[in-house]
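The next block holds one structure in the form of structure tokens; read it before the comments.
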Amino acid sequence: MLLRDLNFNYAGSFWNATARASNYQVLQDPASPITRPYDRLPQFTLSAARQDVNGFDWTANLEATRFWHPTMVRGERYVVNPSISYPIVRPSYFITPKVSLNAAAYSVQDPNTNVSSTYNRALPTFSLDSGLVFERDANFFGSAMTQTLEPRLFYVKTPYRDQSQFPIFDSAVADLSFAQIFSENRFIGNDRISDSNQLTAAMVSRYIEESGTERLRVALAQRFYFDEQRVALTTPTTGKSKPDMLASATVQISNALKTEGNVQYSANQNSVIRGNAGLSWRPEPKKVLNLTYRVDVPNALRQIDVSGQWPIADRWYGVGRLNYSLPNDYANRPGFAPLTAPPSRGLSEGLMGLEYKADCWIFRVVAQRIPTATGKSTSTLFFQLELSGLTRLGSDPMQALRTSIPGYQELGTNPCLLYTSPSPRDKRQS
């Protein structure tokens with residue numbers, strides 16, 4: 001899918017407003033068809049936040065969106081989501097109670113039957129985030145460091161509300177990660193608010209040098225459910241499920257070399273279902289090489305990803321990324337939903353380009369290959385001339401470069417100064 005998006009932003013001292021219109025060009029794979037996403041025609045959002053107002057932090061998010069689809073239920077959604085918290089932060093511990101409300105109103109119509117419907121929902125959520133920080137002197141490979149032990153507990157309570165009649169405009173189940181496991185809603189978007197009576201427990205340990213450099217970080221986290229969750233995207237969940245466990249480790253081998261690994265272990269499957277391991281070398285600014293190995297059992301993926309940015313000659317820089325899918329035996333494994341299409345193999349995505357940095361301008365040429373279907377792909381060629389401090393001309397590859405190459409840095413230049421001939425007065429004074 002290719003996104004076409006037009007948005008306008010305006011920001012104040014503590015608030016931000018956005019007006020947006022977007023739709024998608026669907027690149028359909030006949031072997032694995034997908035549903036066309038909804039268009040936002042238009043969407044208005046307003047976000048505001050203030051911290052330490054007599055000790056309280058508050059946020060407020062408002063949204064009004066008109067969703068359109070040629071064949072599916074369409075309509076408007078209005079959301080108000082305020083929250084207030086009272087952080088208590090001390091050198092050795094923190095406690096943050098928080099209360100929020102998600103209120104939504106829908107006005108929808110089925111284009112096939114011309115039947116109109118309205119839905120309303122108001123759900124409060126209470127959460128309590130807490131943690132301790134223990135420190136001690138330690139040695140790490142002969143170097144004096146400070147070791148920390150940081151237990152953390154995060155409790156969330158949201159009552160159950162039947163939302164099966166609500167349309168699904170832009171929501172999905174979020175992938176489990178260290179960021180998501182400490183969130184209050186397991187869904188992305190506002191169409192579903194999960195019922196929760198759960199506790200997340202985590203343990204983090206770090207080795208920190210006197211300079212503040214973090215040499216080692218190890219983390220474990222698991223979520224425990226006191227009540228079985230009932231809210232789902234489509235059909236309600238049945239039966240009890242065991243929570244997955246997350247593990248992560250990061251090692252700063254040297255000032256330039258860093259490695260990281262993440263694992264998701266499924267107690268239901270008694271095996272690792274997702275994982276990745278990566279190595280990143282960044283010896284100097286605008287010099288970066290990345291190597292990542294990734295496994296995703298539910299989606300039958302096993303990939304190697306190589307990316308980098310590197311100077312190759314005077315004023316010339318090369319950029320590139322190769323994402324290669326390896327053969328695997330994860331397809332249709334027992335306990336997982338069957339795949340509608342065979343897993344892809346070979347080169348999945350690719351990006352290659354050159355950047356030339358002059359004194360006050362930069363020229364870029366970037367080629368990108370994106371898969372559109374099984375065994376099919378499309379290619380895009382970007383040409384851009386950047387006049388520093390003035391404007392950029394041509395197609396913009398910057399989003400593709402930032403997304404494809406972790407650690408990519410833009411080439412900085414001196415502002416371009418427009419030459420003006422001296423006036424007669426200037427000539428007389430000289």
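The values are calculated or read from the model by the stated rules, or taken from the named source; none is laboratory data. Keep in mind the model is a prediction, meaning the values are calculated, not measured. Here the Cβ positions follow ideal geometry from the backbone for every residue, glycine too, while neighbour counts run over all protein chains shown. Note: accessible area is taken over every heavy atom of the protein model, side chains too, but ligands, DNA and RNA are not part of it. Shrake-Rupley method; radii C 1.70, N 1.55, O 1.52, S 1.80 Å.
Some observations on this one:
- Hey, Ala21 open to solvent by less than 60 Å² (accessible area, probe 1.4 Å) and in contact with a Phe, Trp or Tyr (Cβ under 7 Å, 6 or more places away or on another chain) or not: no
- Any hit, region 245-253, residues being within 19 Å of Pro298 (Cβ to Cβ), at pLDDT 95 or above, out of contact with any helix residue (DSSP H, G or I) (no Cβ under 9 Å at 6 or more places or on another chain) and not basic (Lys, Arg): yes
- Condition check for Asp129: open to solvent by 60 Å² or more (accessible area, probe 1.4 Å), assigned to a strand (DSSP E or B) and of a type in the set (D, E, K, R): no
- Condition check for Leu233: at pLDDT 95 or above and under 28 Å from Pro298 (Cα atoms): no
- Residue count, region 292-318 (criterion: open to solvent by less than 30 Å² (accessible area, probe 1.4 Å) and either in a strand (DSSP E or B) or modelled with pLDDT of 90 or more (or both)): 8
- Exclusive hit being open to solvent by 60 Å² or more (accessible area, probe 1.4 Å), at pLDDT below 90, under 27 Å from Ser325 (Cα atoms) and of a type in the set (Lys, Arg), set Arg369, Arg392: Arg369
- Here Thr35 meets the list (1) open to solvent by less than 40 Å² (accessible area, probe 1.4 Å); (2) under 30 Å from Ser377 (Cβ atoms); (3) of a type in the set (Ser, Thr, Tyr) almost entirely, failing just condition (1).
- Counted residues, region 152-202 - those being part of a strand (DSSP E or B) and not charged (D, E, K, R): 16
- Check on Tyr78, open to solvent by 60 Å² or more (accessible area, probe 1.4 Å) and among the aromatic types (Phe, Trp, Tyr): yes
- Only one of Gly55, Gly75 that is out of contact with any strand residue (DSSP E or B) (no Cβ under 7 Å at 6 or more places or on another chain) and on the phi > 0 side of the Ramachandran plot: Gly55
- Scanning region 345-364 for residues that are open to solvent by 40 Å² or more (accessible area, probe 1.4 Å) and under 18 Å from Ser307 (Cβ atoms), we see that the one that is modelled with the lowest pLDDT is Leu347.
- Check on Asn81, in contact (Cβ under 8 Å) with a residue 60 or more places away in the chain, out of contact with any Lys or Arg (no Cβ under 9 Å at 6 or more places or on another chain) and part of a strand (DSSP E or B): yes
- Only residues that are open to solvent by less than 80 Å² (accessible area, probe 1.4 Å) and either among the aromatic types (Phe, Trp, Tyr) or in a strand (DSSP E or B) (or both) were counted in region 261-288, giving 18.
- Hits in region 156-165 - residues which are modelled with pLDDT of 95 or more, buried (at least 18 other Cβ atoms within 10 Å of the Cβ) and of a type outside the set (A, V, I, L, M): Thr158
- Considered as a group, the residues in region 322-344 that are part of a strand (DSSP E or B) and open to solvent by 40 Å² or more (accessible area, probe 1.4 Å) include one that is modelled with the highest pLDDT, and that residue is Leu322.
- If the condition is being free of Cβ contacts under 8 Å to residues at least 60 places away in the same chain and part of a strand (DSSP E or B), then region 109-126 contributes Gln109, Asp110, Val115, Ser116, Ser117, Thr118, Tyr119, Asn120, Ala122, Pro124, Phe126.
- Top-ranked residue in region 171-221 [being surrounded by 18 or more Cβ atoms within 10 Å (Cβ to Cβ) and closer than 16 Å to Tyr265 by Cα; ranked as modelled with the lowest pLDDT]: Leu176
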